[in-house]
Amino acid sequence: MGVKVQQLQQFCDFGGLATVNPPKGTLLTGVTPTVKKVTLPPNTAFYALGVSFSLSDVVAMALYTDAPAIVATNSTEESQDVIFMPVKEPLIWHYKMPASMRFFSGNISNIYVSTSDKKANFVFAVALD
Amino acid sequence: MTSIKIIEEITFGNLRIGGVPAVIDQGDGSLVWEQNINPNTNNLPYLFPFFVNLCSVMVASSDVDGVVIKTNNSGSPDDQFTLYKDNPLMWDLNKPTSMRFLTSDVTQIFVTNPDETKTAHVKLAVKMSLLND
């Protein structure tokens with residue numbers, strides 16, 4: 001039995017000029033997401049999450065860290081993507097967003113996470129079609 | 001200076017990701033466009049000039065599914081994206097540049113509302129630095 005994927009909050013306030021604050025919406029039901037939730041010690045180099053998937057199969061995915069972290073994909077030496085993660089601000093993509101906003105540029109064979117001199121609680125979740 | 005507050009949160013079953021407010025202070029000018037777009041509107045032009053590389057926040061939303069925004073040229077736009085009800089597009093400078101939904105400087109936008117009955121309330125807003133900074 002799968003779970004529900006919901007966009008809970010998307011709020012933006014342009015200092016009173018404009019506000020975007022839609023109600024929460026269900027994106028998917030009955031999916032079985034892959035979730036990797038790890039606490040990484042300071043100065044971790046290339047911790048492998050051990051996930052692989054085709055980008056075209058992704059219907060929703062998210063990355064999150066509560067401390068500085070760098071994400072690299074597929075190779076630690078010649079990475080397909082290198083992402084300097086925003087801190088405490090998730091990177092979210094789902095099927096109602098343009099494909100160009102996906103934060104990975106191709107199929108994923110592994111995801112590697114590195115930390116700074118701070119411990120990081122890191123989360124990756126992906127739901128596939 | 002106008003601060004812009006952003007919150008994003010998604011759940012995968014019981015796993016909640018995000019939900020912490022982010023406040024963006026960089027940039028000192030906001031450009032906000034907000035219009036009601038009649039049903040069956042095709043490529044209605046509006047001026048919305050800004051330089052994408054000076055942009056620190058960009059947000060687009062619609063309360064009707066399927067609204068399309070194109071930039072600069074309705075026939076061969078520099079950027080084109082579709083908006084869905086309750087799913088705004090949001091980008092700020094903490095996120096990778098590759099996640100911007102507007103990638104080129106904009107002079108004009110063209111808005112299409114394909115819905116046959118519903119008027120769409122559409123918003124496009126950017127925060128940017130001024131040229132003489």
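Overview of results
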read-out: For peptides B:104-110, A:54-60, A:38-44, B:122-128, sequence by mean Cβ density within 10 Å, most packed first; value: B:122-128, B:104-110, A:54-60, A:38-44
read-out: Restraint check, A:K4/A:K119; A:K96/B:K95; A:K4/B:K123; A:K96/B:K5; A:K37/A:K88; A:K4/B:K85, Cα-Cα greater than 24 Å; value: A:K4/A:K119; A:K4/B:K123
read-out: Interchain or long-range residues, amide H under 5 Å from A:S116's placed H; value: A:N43
read-out: 5 angstrom amide H check on A:K96, placed H, neighbours 5+ away; value: none
read-out: Net dipole in debye of the protein assembly as shown [+1 Lys, Arg Cβ; -1 Asp, Glu Cβ; about Cα centre; nearest 20]; value: 620
read-out: Dipole moment magnitude, nearest 20 debye, chain B about Cα centre, only Lys, Arg, Asp, Glu C-beta charged; value: 120
read-out: Other protein chain Cβ atoms within 10 Å, averaged over every residue that makes up B:16-24; value: 6
read-out: Cα-centre dipole for segment B:23-86 with unit charges at Cβ (Lys and Arg positive, Asp and Glu negative), debye to 20; value: 220
read-out: Relative contact order of chain B, defined on C-alpha pairs under 8 angstrom at six or more residues apart (%); value: 36
read-out: Residue among B:V68, B:M99, B:S129 farthest towards the positive dipole end of segment B:36-130, charges placed on Cβ; value: B:S129
read-out: Span from the segment B:57-93 Cα centroid across to the segment A:104-129 one, whole angstrom; value: 27
read-out: Within straight-line cross-link reach of B:K127, aspartates and glutamates at Cα separation under 16 Å, skipping those fewer than 8 residues along the same chain; value: A:D13, B:D25, B:D28, B:E34, B:D92, B:D105
read-out: Accessible area per residue in Å² at 1.4 Å probe, computed on chain A; value: 46
read-out: Per-residue mean of C-beta atoms belonging to partner chains within 10 Å, peptide A:58-65; value: 3
read-out: Dipole-positive endmost among B:V111, B:P39, B:P21 within chain B (Cβ charges, Cα centre); value: B:P21
read-out: Peptide-level mean, for A:15-23, of C-beta atoms on other protein chains within 10 Å; value: 6
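The values are calculated or read from the model by the stated rules, or taken from the named source; none is laboratory data. What you see is a predicted model; the values in this text were computed from it and never measured. We place every Cβ from the backbone using ideal geometry, glycine too, and count neighbours over all the protein chains shown. Please note that ligands, DNA and RNA were not included when accessible areas were found on the heavy atoms of the full protein model with its side chains. Shrake-Rupley method; radii C 1.70, N 1.55, O 1.52, S 1.80 Å.
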